[in-house]
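A short worksheet on the structure shown next.
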Amino acid sequence: MRPLIFDNRFVRELPGDTDGINMPRQVYDALWSSVQPTPVANPQLLAYSSEVATLLGWTDADMQHPDFAQVFGGNQLMTGMQPYAACYGGHQFGGWAGQLGDGRAMSLGETINNAGERWELQLKGAGSTPYSRRADGRAVLRSSVREFLCSEAMHHLGIPTTRALSLVATGDGVVRDMFYDGNPQVEPGAIVCRVAPSFIRFGNFELPTSRGDIGLLEQLVDFTIARDYPELHGDTQEKRGQWFLEICRRTAVMIAHWMRVGFVHGVMNTDNMSILGLTIDYGPYGWLEDYDPMWTPNTTDAQGKRYSYGQQPYIGHWNLARLKDALKPVISDVSVLDAGSQVYADTYSETFGTMLAAKFGIRELSDEDAPWINSAFELLHKTEVDMTLFFRNLAMLDVQQPTLTPLYPAFYRDDLLQRNHAEWDNWLQHYCRRLQQDNLPTGERQQRMNAVNPRFVLRNYLAQQAIDQAASGDNSLITELLTVLRHPYDEQAQYATFAEKRPEWARHKAGCSMLSCSS
Ligand code: AMP
Ligand code: MG
């Protein structure tokens, strides 16, 4: 395995807790704790992303080298690695949760690739840390497969995200009570190596502020600006202000993308919000099947629906308000902090507006479009229509003589389709008249639409099938899904089955329609 060059700025430049005592505890005056991965019985590489390997300067031979699984299963370190767990807090489900920290994630180091880019490598599930509280620091195969596949799928959809290098089975069992119903089971363990320029979260800033440790907060703020936002200029205060506004902007763009493709994060706590505006922490996430703004995949959130699909833009705003509270002590110009809210709202509506226009294949949205767009979403909801298939197939309409036929594959319920057929026909007439106004050439319209409406997303039941097969020792579906999801906007007719709507058997099946946080 080719060596990597490490430049571990986080642990070099910021105060850390180097006691090495691996016991759950409160950690003060430090932004990280040094840790060691806990060795595993029999690490085996199950899958890897060759794109991420290439980013690091590695070839297939490096990935398949026996040392790879040893390092990325947590049994060995490479020269230059300095494992640490970050100390952070967060608001969970709307309430302040105090210190959380990397309870089962540990960063191995920041590698610099040939292009001079910084990529931090982080294992998820490599054993306990001072932040593991009452848990074991491990991750099960099902949640690791989900994180591995979805990170890469999101990247190929053009959505800012942390990446995933590898999926390694540990050979150890992990006990989980998946439904929190008193039936713990032993499940296979696995470790994902996530890769991102930075894993700093909103919660890293919230914790020192909550403790009144403004000195520590200030160090982290200026470090993050210097390392992760080198493009910002001006004096310290100017940079801090611009930085906050840029986080607001990036968060808005990220969430607009989620809304575009029907991705529901599921646990948008402030400890799961990246300071770079990347999608981070793939847990009980899910993809909208039939369009429903109130849908959440997370069973823990089934009552409150705080993190349901339609709530996400609002929650992004709420989370930024928590970040703003955390940064108040170090940004003297209050008007900058107040402007964040507007930057977020403006960026979101502009970005999502442009996406929506492209999704429907029109040049530009105007206020006059609101009624027919709203009725489209109302109809999608009321008649149980698959969001992904609807938008993708919408490009296939014959604008001169529209019929609902190309959209039939998107309908989950024939009775609802029949009952609302007339209303849909009406809508189609209206929509196609609007398209005619724009008069875009058919090919151009289709191209615009197909560039934002994926043919393939990581459907919940597909991820579950890949997990079930992997649990019985067959990784081929993981690899196959990774291949398909590399080109989500291409037709890839040979993979047409992966684009079909959720089969009926999966409607209420665990893992397919609902997920617990237990992972
Ligand atoms: P999450 O909901 O995954 O963002 O996790 C919230 C907090 O719980 C974070 O501090 C995690 O590190 C911690 N955590 C979650 N699962 C485990 C686990 N199996 N072992 C230790 N800590 C965990
Ligand atoms: Mg988390």
Report the Cα-based extents of the range 236-358 along its three principal axes, largest first, to the nearest Å.
47, 34, 20
Rounded to whole Å, give me the distance from the Cα center of the range 217-274 to that of the range 459-519.
31 Å
Computed over the Cα atoms of the range 362-439, what is the ratio Rg over Rh, Rh following Kirkwood?
0.94
Heavy-atom accessible area per residue - the chain, 1.4 Å, Å²:
39 Å²
So for the chain, taking the charge dipole from beta-carbon charges (+1 Lys/Arg, -1 Asp/Glu), which of S349, F72, V336 sits furthest toward the positive end?
F72
From phi via Karplus (6.51, -1.76, 1.60), per-residue ³J(HN,Hα) for the range 348-361 in Hz, x at Gly/Pro
4, 5, 5, 5, 5, x, 4, 5, 5, 4, 5, 4, 8, x
Give a residue-ordered list of calculated ³J(HN,Hα) values for the range 42-53 (Karplus: 6.51 cos²θ - 1.76 cosθ + 1.60, θ = phi - 60°; whole Hz; x for Gly, Pro).
8, x, 10, 6, 9, 6, 8, 9, 6, 5, 6, 4
Mind putting a number on the dipole of the range 480-519 about its Cα centre? Charges go on the C-beta only, +1 for Lys and Arg and -1 for Asp and Glu, and I need it in Debye to the nearest 20.
240 debye
Cα Rg, Dmax (largest Cα-Cα span) when computed across the chain, Å:
23.3, 73
Report the Cα centroid-to-centroid distance between the range 129-192 and the range 301-366 in angstrom, as an integer.
29 Å
Compute, for the chain, the length of the dipole vector about the Cα centre, with Cβ point charges of +1 (Lys, Arg) and -1 (Asp, Glu) only. Units Debye, rounded to 20.
460 debye
Mean projected area (nm²) from the convex hull of Cα positions in the range 144-220 is 8.0 nm²
Among K124/K239; K124/K324; K124/K501; K124/K328; K305/K359; K305/K382, which pairs are too far apart, with a Cα-Cα distance over 21 Å?
K124/K239; K124/K324; K124/K501; K124/K328; K305/K359
What does the charge count around A97 come to, taking other residues whose C-beta lies under 10 Å from its C-beta (Lys +1, Arg +1, Asp -1, Glu -1)?
-2
Need one number: convex hull volume per residue for the range 348-398, Cα atoms only, in Å³.
93 Å³
Once you mark the trypsin sites (Lys or Arg not before Pro) that are in a DSSP loop and have at most 15 other Cβ atoms within 10 Å, what is the longest gap between them in the chain?
135-304
Stretch in the chain that is longest and holds no GluC sites (Glu not before Pro) that DSSP places in a loop and that have at most 10 other beta carbons within 10 Å:
1-230
Using only the alpha carbon atoms of the range 460-506, find the Kirkwood hydrodynamic radius as the inverse mean reciprocal pair distance, in angstroms to one decimal.
11.4 Å
Mean separation of Cα contacts under 8 Å (at least 6 apart) over the residue count of the chain, i.e. the relative contact order in percent, is 14 percent
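The values are calculated or read from the model by the stated rules, or taken from the named source; none is laboratory data. What you see is a predicted model; the values in this text were computed from it and never measured. Cβ sites come from the backbone with ideal geometry, for glycine too, and all protein chains shown count toward neighbours. Ligands, DNA and RNA are stripped out before the accessible areas are found, and what is left, the full protein with its side chains, is counted by its heavy atoms. Shrake-Rupley method; radii C 1.70, N 1.55, O 1.52, S 1.80 Å.
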